[in-house]
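Reviewing the structure listed below.
The values are calculated or read from the model by the stated rules, or taken from the named source; none is laboratory data. Since we're looking at a predicted model, the values are computed, not measured. Reconstructed Cβ throughout: ideal geometry from the backbone, glycine too, with neighbour counts over all protein chains shown. In case anyone asks, the SASA skips ligands and DNA or RNA and just uses the protein heavy atoms, side chains included. Shrake-Rupley method; radii C 1.70, N 1.55, O 1.52, S 1.80 Å.
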Amino acid sequence: MFRYFESLVDPYVDYPEDDRPPTRLWPIMLGYARPFRRVLAITAALATVVAAIEVWLLAYMGRLVDFLPAGPAEVWANYGIELILVALFILFGRTGIHIVSILLLNNAIMTNFATLVRWRSHRHVLRQSVGWFENDFAGRITNRVMQTPAAANEVVFQVIDAITFAIAYLIGAAVLLTAADPWLLVPLVLWAIAYGWLMRWTVKNVTPASQAASDARSSLTGRIVDSYTNIHSVKMFAHDDRELDYAKEAIEHTRTTFRAEMRVYTMMDAILFSLNGMLIVGVVGWALLLWVQGVTSVGVVAAATALTLRLNAMTGWIMWALTTFFRELGVVAEGMETIAQPIDLVDSPDAKPLEPGPGKIELQGLSHHYGRGKGGLDRIDLTIAPGEKIGLIGRSGAGKSTLVKLLLRFYDIETGKILIDGQDISQVTQQSLRRRIGMVQQDSALLHRSVMDNIRYGRPEATEEEAFEAARKAAAHDFILTLQDPQGRQGYDAQVGERGIKLSGGQRQRVMLARVILKDAPILLLDEATSALDSEAEAEIQKTLYGMMEGKTVIAIAHRLSTIAQMDRIIVMDHGRIVEMGSHAELLAQGGLYAQFWEHQSGGFLMTDDEQTEAAE
């Protein structure tokens, strides 16, 4: 039974991806709810029926009060069959309707709606560009992806479980009182007007307060995750107190915003309690007055009293449900600021997969300044022949990393073109482009998974033996066999920890090399590929790198000039421009910037601008 209801809606159903989703809240929510339309309609209808049954039960209690004084024999003779049918309906009909209603709400909707929102949110965020992620806290993004679906789930729950039920119940109560005596409707209408005003005031104040509190919690999460992620730096610089102060500022802001939200609820409860007192006195008092005047029966007084007391008990729940509804809407709205942002870096409408080729790279009039008008790259023209090995050097900020990011299309080019085998990379799919490029980064962070998972990330369909061979070529196989994590997993099954923290820098770098070796892409980018290795390991890895480069087009960024001295061509960049180009020997003979770097390097590294100025003096 559970499985049937749980499978009524597939949260992973195909849907048209929207690079620019709606900016308004309700269109977004309605888009999420589209696969649930039929189930939501049936559940809302059943909630209305359940509310109507509850009102009918109170009315029937009044009927019992009216005919019970006739005595047991007469009651059984005249109403026996009716009482049996009512009892059977309460036992089976009412119970069955309620069970189906909660199965639809809890098992068909609640278990799948948040899953659908979370899946689509994560899928949308994952499609964002690298630059988008660089502009926010990973912790805050994660918090919004996690808390928004739960809040959206709560919104749907309150709409069905509370709001639909409450509206149906109030309408039924009005019908019941009108049928008994139209004058009984007067205090209910006056109360409903005051209750509506209170609801409007609460919603008006709780929505911004809730959104502010939610934003404060996301910011706090971002700060705490930032501290935990960089715990080595925190401990190394002995800045525990500074991090506590940094977090305390956000914690206090969270407390302040939550305090403002709670003040709204306190005011709401106080006013609501007063209104409910007026409702009880108004409806019950009026019913008693009508009974004294002989206008109505004792059963009507009993039904009106029971109905009023039931409304008194319900109003707090309804108001809390409504405020929860709007509070969670505020959380959803705050989350949508992140998870519904437009995707700016997209494939062109007619983009095709990058056709395989020998790996020729052409940069034509390439300029990119990150929208600032300066920095980055400035009018770069360069052709790299298939299979050519290029060394790329320059001071920090010279534009080397920008060139690599543009080649991978992590950013859209501002001016110019990049062609790979004659194909404009802006006109091919991003996935096919990046599958043709292997890269070993300076930041040797790994996924918090097993060693095998990390290596096979380069080519998931590879066999274990192929992964082993890649690890051997990267001089990683032997140390991998010695690994063991706290759960007892060993060797290639051992988990490497967040960002690979359980491995040394050199070990992480070797695993990354194994990953790229396994990928076997025709274009190879090396960004300080041996920076984390000691001299002995570097010499061993260099042999592996030269083997990897065979038959590939290579761009290697390095500050340690000895690592690129054997390249076919060395390109020297400065202030976003190519200032020198040639082999190692040719550049030394020119006596330019490269020769200066070579002469003044210490331990094979480029000197900073300040160090070069001091050396010149």
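Identification of helices (runs of 4 or more DSSP H) wholly contained in the stretch 39-144 with 1 or more residues that are out of contact with any helix residue (DSSP H, G or I) (no Cβ under 9 Å at 6 or more places or on another chain) and hydrophobic (A, V, I, L, M, F, W, C) yields 72-88, 95-102, 111-126.
Annotation note: of ALA138, ALA162, the sole residue that is small (Gly, Ala, Ser) and open to solvent by 40 Å² or more (accessible area, probe 1.4 Å) is ALA138. Counting the residues of the stretch 7-38 that are open to solvent by less than 100 Å² (accessible area, probe 1.4 Å), part of a helix (DSSP H, G or I) and modelled with pLDDT of 90 or more gives 2.
At pLDDT below 85 and charged (D, E, K, R): which single residue out of ARG140, ARG120, ARG94 fits that description?
Working: ARG120 fails: at pLDDT below 85; ARG94 fails: at pLDDT below 85.
After ruling out the rest, the residue left standing is ARG140.
Scanning the stretch 54-73 for residues that are under 60 Å from the mean Cα position of the chain (by Cα) and open to solvent by 90 Å² or more (accessible area, probe 1.4 Å), which turns out nearest to GLY93 (Cα to Cα)?
Here is the first cut: in the stretch 54-73, the residues under 60 Å from the mean Cα position of the chain (by Cα) are 54-66.
In the following step, the residues that additionally are open to solvent by 90 Å² or more (accessible area, probe 1.4 Å) were identified as 56, 63.
On the way: TRP56: 14, ARG63: 20 Å.
Out of the qualifying residues, it is TRP56.
Scanning the stretch 212-231 for residues that are surrounded by fewer than 18 Cβ atoms within 10 Å (Cβ to Cβ) and without any contact (Cβ under 8 Å) to a residue 60 or more places away in the chain, we see that the one that is nearest to LYS248 (Cα to Cα) is TYR228.
Do the conditions hold for LEU190, that is, is it open to solvent by less than 40 Å² (accessible area, probe 1.4 Å), more than 26 Å from ALA45 (Cα to Cα), out of contact with any Asp or Glu (no Cβ under 8 Å at 6 or more places or on another chain) and part of a helix (DSSP H, G or I)? Answer is no for this residue.
Within the stretch 480-507, which residues are part of a helix (DSSP H, G or I), modelled with pLDDT of 85 or more and in contact with a Gly (Cβ under 9 Å, 6 or more places away or on another chain)? Break it down into steps so the answer makes sense when it comes.
We begin by selecting, within the stretch 480-507, every residue part of a helix (DSSP H, G or I); these are 480-481, 491-493, 498-500, 505-507.
So of that shortlist, the ones also modelled with pLDDT of 85 or more come out as 480-481, 491-493.
Residues satisfying the conditions are ILE480, LEU481.
Determine whether the stretch 44-60 contains at least one residue that is in contact (Cβ under 8 Å) with a residue 40 or more places away in the chain and closer than 30 Å to PRO208 by Cα. Break it down stepwise before answering.
Here is the first cut: in the stretch 44-60, the ones in contact (Cβ under 8 Å) with a residue 40 or more places away in the chain are 44, 46-56, 58-59.
Pick out the ones that are also closer than 30 Å to PRO208 by Cα and you get 44, 47.
Checking the stretch 44-60: at least one residue is in contact (Cβ under 8 Å) with a residue 40 or more places away in the chain and closer than 30 Å to PRO208 by Cα.
When residues in the stretch 481-497 are screened for being out of contact with any Phe, Trp or Tyr (no Cβ under 9 Å at 6 or more places or on another chain) and either under 26 Å from MET549 (Cα atoms) or in contact (Cβ under 8 Å) with a residue 40 or more places away in the chain (or both), 6 of them pass. Apart from one condition, LEU403 fits all of (1) part of a loop (DSSP other than H, G, I, E, B); (2) closer than 29 Å to ALA385 by Cα; (3) not polar (S, T, N, Q); the exception is (1). The set of residues in the stretch 411-422 being buried (at least 18 other Cβ atoms within 10 Å of the Cβ) and at negative phi consists of TYR411, ILE413, ILE418, ILE420. Scanning the stretch 285-307 for residues that are surrounded by fewer than 19 Cβ atoms within 10 Å (Cβ to Cβ) and of a type in the set (Val, Ile, Thr), we see that the one that is modelled with the lowest pLDDT is VAL295. Scanning the stretch 379-410 for residues that are modelled with pLDDT under 90, open to solvent by 40 Å² or more (accessible area, probe 1.4 Å) and touching a strand residue (DSSP E or B) at 6+ places or on another chain (Cβ under 6 Å) yields a count of 1. Among residues that are among the hydrophobic types (A, V, I, L, M, F, W, C) and closer than 30 Å to SER297 by Cα, ALA179 is included.
For every residue, the table says whether it meets (1) surrounded by fewer than 19 Cβ atoms within 10 Å (Cβ to Cβ); (2) among the small types (Gly, Ala, Ser).
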{"residue": "VAL75", "(1), (2)": "yes, no"}
{"residue": "ILE90", "(1), (2)": "yes, no"}
{"residue": "VAL100", "(1), (2)": "yes, no"}
{"residue": "LEU105", "(1), (2)": "no, no"}
{"residue": "ALA108", "(1), (2)": "no, yes"}
{"residue": "ARG118", "(1), (2)": "no, no"}
{"residue": "ARG127", "(1), (2)": "yes, no"}
{"residue": "ALA152", "(1), (2)": "no, yes"}
{"residue": "VAL156", "(1), (2)": "no, no"}
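For every residue, the table says whether it meets (1) assigned to a loop (DSSP other than H, G, I, E, B); (2) touching a residue at least 40 places away in the same chain (Cβ under 8 Å); (3) under 17 Å from ALA514 (Cα atoms); (4) of a type outside the set (Gly, Ala, Ser).
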| position | (1), (2), (3), (4) |
| --- | --- |
| GLY416 | no, yes, no, no |
| ARG434 | no, no, no, yes |
| GLN442 | yes, yes, yes, yes |
| LEU446 | yes, yes, yes, yes |
| ILE455 | no, yes, yes, yes |
| ALA462 | yes, yes, yes, no |
| GLU466 | no, yes, yes, yes |
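What number of residues within the stretch 308-362 are surrounded by fewer than 16 Cβ atoms within 10 Å (Cβ to Cβ) and of a type outside the set (Phe, Trp, Tyr)?
Applying the first criterion (surrounded by fewer than 16 Cβ atoms within 10 Å (Cβ to Cβ)) to the stretch 308-362 yields 313, 316-317, 337, 342, 344, 346, 348-350, 352-353, 355-358.
Still in the running and of a type outside the set (Phe, Trp, Tyr): 313, 316, 337, 342, 344, 346, 348-350, 352-353, 355-358.
Final tally of qualifying residues: 15.
Does VAL189 meet the test of being in contact with a helix residue (DSSP H, G or I) (Cβ under 6 Å, 6 or more places away or on another chain) and at pLDDT 80 or above? Answer is no for this residue.
Among VAL234, VAL281, which is in a helix (DSSP H, G or I), exposed (fewer than 13 other Cβ atoms within 10 Å of the Cβ) and more than 24 Å from the chain's Cα centre (by Cα)? Outline the logic, then answer.
Details: VAL234 fails: exposed (fewer than 13 other Cβ atoms within 10 Å of the Cβ).
It is VAL281.
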